[in-house]
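Enquirer: Here it is: the structure, laid out below.
The values are calculated or read from the model by the stated rules, or taken from the named source; none is laboratory data. Worth saying up front: this structure is predicted, and the values here are computed from it rather than measured. Backbone-built Cβ (ideal geometry, glycine too); neighbour counts: all protein chains shown. Note: accessible area is taken over every heavy atom of the protein model, side chains too, but ligands, DNA and RNA are not part of it. Shrake-Rupley method; radii C 1.70, N 1.55, O 1.52, S 1.80 Å.
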Amino acid sequence: MNRPNILMITSHDLGQHLCCYGVNSVQTENIDELASRGVRFSNFYSTSAVCSPGRGSLHTGRYPQSNGLMGLTHAPWWWSLNRNERHTAEILGDLGYISCLAGVNHIDGDPKRLGYEEIHSEKQNADDTVRETEALIFRAEKSENPFFIKAGFFEVHRPFVQGTDTQNGVFVPPWLADTDTVRNDLAAFQATIKYFDSCVGQILSAVEISSIAENTLVILTSDHGIPYPGAKWTVRKAGIETPFIAYQPKTAFSGGKVFENVTSNVDVLPTLLDYLGEVPSSSIQGFSFLELVNGKRNTGPRRHAFSQYTPEMKRDNLSRSVINDRYHL
């Protein structure tokens with residue numbers, strides 16, 4: 001069997017603020033359709049409540065305390081991965097993949113150090129990212145090598161610049177004050193999510209009409225929770241919950257299945273390697289959940305998910321959390 005192309009779409013600050021995750025006021029028809037065709041994890045958590053560490057774990061299969069990326073990569077923090085850490089792009093590149101980045105990286109100032117052969121949409125404009133991703137999809141049709149395409153979006157990070165969306169009302173999370181100010185801000189957040197969903201829809205349409213649709217695994221996820229008090233920048237549940245949706249036709253990653261098992265984004269890389277028939281390096285700390293997806297087991301590979309927040313280089317004011325299906329400490 002030919003190894004599948006892997007298309008990973010990521011956003012900033014999305015949390016699980018999607019219709020398919022129960023937020024009915026948000027218009028996310030394209031993401032919802034992807035979930036209805038593929039698999040969705042409802043208790044999926046990031047290892048961090050801020051961007052770079054969460055992304056670092058997603059792509060190394062290792063916790064921030066282990067890979068060194070415990071805070072943001074830009075000023076004034078300047079955190080970075082430890083030397084010799086291996087990113088998805090490099091690992092898949094060694095397996096014969098053509099690794100390409102379109103848009104946001106936010107793990108290293110030079111994405112080529114992470115193993116990407118090609119960097120597209122360097123200005124990280126969403127429309128450019130869509131166009132570049134579409135072009136890569138159609139290039140993959142003619143390639144003898146499989147593609148790993150990372151389509152990273154700045155959305156739905158603040159500032160919200162897409163107006164407001166109140167067509168289906170506005171959902172106010174229970175830990176926020178239900179005031180006009182909060183509702184207006186959430187309406188702008190909803191509009192930005194709707195715009196991101198339209199970008200996802202364009203990319204999915206390109207996959208659908210391509211000749212590689214059946215041999216492409218599409219993954220959609222985010223870095224951490226939504227950008228509101230009590231969520232982002234905290235290791236409360238709202239700060240670390242993220243979506244994980246994956247779809248490839250006629251495979252275990254299809255059928256509209258929903259898994260409630262506690263899962264961490266540190267588990268994504270080992271699952272991908274397992275799916276490709278590869279044995280993950282002993283340094284990878286996540287666990288493959290492939291046997292859960294393909295029905296070979298009823299329980300996930302973990303009972304608990306762990307997260308951290310390390311705000312400053314001084315390493316003070318540390319926050320840590322552990323969560324399972326019943327408790328969150």
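Enquirer: Taking the condition of being within 17 Å of the chain's Cα centre (by Cα), open to solvent by 10 Å² or more (accessible area, probe 1.4 Å) and modelled with pLDDT of 95 or more, how many residues in the range 60-78 meet it?
Expert: Residues meeting the conditions: 2.
Enquirer: While we're looking at this one, here's another question. Report yes if some residue within the range 88-96 is of a type in the set (S, T, N, Q) and under 30 Å from SER198 (Cα atoms); otherwise report no.
Expert: Within the range 88-96, one or more residues are of a type in the set (S, T, N, Q) and under 30 Å from SER198 (Cα atoms).
Enquirer: Only one of these is touching a residue at least 60 places away in the same chain (Cβ under 8 Å) and of a type outside the set (A, V, I, L, M): PHE147, PHE160. Name it.
Expert: After ruling out the rest, the residue left standing is PHE147.
Enquirer: Please state which of the following conditions GLU141 fails to meet, knowing it meets all the rest: (1) over 22 Å from the mean Cα position of the chain (by Cα); (2) over 30 Å from ILE91 (Cβ atoms); (3) open to solvent by 40 Å² or more (accessible area, probe 1.4 Å).
Expert: Unmet for GLU141, out of (1) over 22 Å from the mean Cα position of the chain (by Cα); (2) over 30 Å from ILE91 (Cβ atoms); (3) open to solvent by 40 Å² or more (accessible area, probe 1.4 Å): (2).
Enquirer: Answer yes or no: is there a residue in the range 149-160 that is out of contact with any strand residue (DSSP E or B) (no Cβ under 9 Å at 6 or more places or on another chain), among the charged types (D, E, K, R), closer than 22 Å to GLY22 by Cα and open to solvent by 70 Å² or more (accessible area, probe 1.4 Å).
Expert: no
Enquirer: Something else about it: In the set VAL218, VAL161, which member is at pLDDT 95 or above and out of contact with any Ser or Thr (no Cβ under 8 Å at 6 or more places or on another chain)?
Expert: Only one candidate passes the filter, namely VAL218.
Enquirer: Exactly one condition in (1) open to solvent by 40 Å² or more (accessible area, probe 1.4 Å); (2) of a type outside the set (A, V, I, L, M, F, W, C); (3) within 29 Å of ILE209 (Cα to Cα); (4) part of a helix (DSSP H, G or I) is not met by ARG183; state its number.
Expert: (3)
Enquirer: Kindly check whether there is at least one residue in the range 2-20 that is of a type in the set (D, E, K, R), over 29 Å from ALA140 (Cα atoms), assigned to a loop (DSSP other than H, G, I, E, B) and in contact with a Ser or Thr (Cβ under 8 Å, 6 or more places away or on another chain).
Expert: The initial filter retains those residues of the range 2-20 that are of a type in the set (D, E, K, R), namely 3, 13.
Applying the additional criterion that residues be over 29 Å from ALA140 (Cα atoms) yields 13.
Adding the requirement that they be assigned to a loop (DSSP other than H, G, I, E, B) leaves 13.
Still in the running and in contact with a Ser or Thr (Cβ under 8 Å, 6 or more places away or on another chain): 13.
Yes, there is a match, as at least one residue in the range 2-20 is of a type in the set (D, E, K, R), over 29 Å from ALA140 (Cα atoms), assigned to a loop (DSSP other than H, G, I, E, B) and in contact with a Ser or Thr (Cβ under 8 Å, 6 or more places away or on another chain).
Enquirer: Now, a different point. Does any residue in the range 196-223 that is farther than 16 Å from GLU132 by Cα and open to solvent by 10 Å² or more (accessible area, probe 1.4 Å) come within less than 8 Å, Cβ to Cβ, of a residue that is at pLDDT 95 or above and outside any loop (DSSP other than H, G, I, E, B) six or more places away or on a different chain, and which pairs are these?
Expert: Between residues of the range 196-223 that are farther than 16 Å from GLU132 by Cα and open to solvent by 10 Å² or more (accessible area, probe 1.4 Å) and residues that are at pLDDT 95 or above and outside any loop (DSSP other than H, G, I, E, B), the close pairs are ILE212/ASN5; ILE212/ILE137; ILE212/ALA140; ALA213/VAL207; ASN215/ASN5.
Enquirer: Would you mind finding the one in SER52, SER36, SER57 that is surrounded by fewer than 18 Cβ atoms within 10 Å (Cβ to Cβ), at pLDDT 95 or above and outside any loop (DSSP other than H, G, I, E, B)?
Expert: Exactly one of SER52, SER36, SER57 is surrounded by fewer than 18 Cβ atoms within 10 Å (Cβ to Cβ), at pLDDT 95 or above and outside any loop (DSSP other than H, G, I, E, B), namely SER36.
Enquirer: Name the residue, out of ILE119, ILE98, that is surrounded by fewer than 23 Cβ atoms within 10 Å (Cβ to Cβ), more than 30 Å from GLU260 (Cα to Cα) and in contact with a Phe, Trp or Tyr (Cβ under 6 Å, 6 or more places away or on another chain).
Expert: That would be ILE98, the only listed residue that is surrounded by fewer than 23 Cβ atoms within 10 Å (Cβ to Cβ), more than 30 Å from GLU260 (Cα to Cα) and in contact with a Phe, Trp or Tyr (Cβ under 6 Å, 6 or more places away or on another chain).
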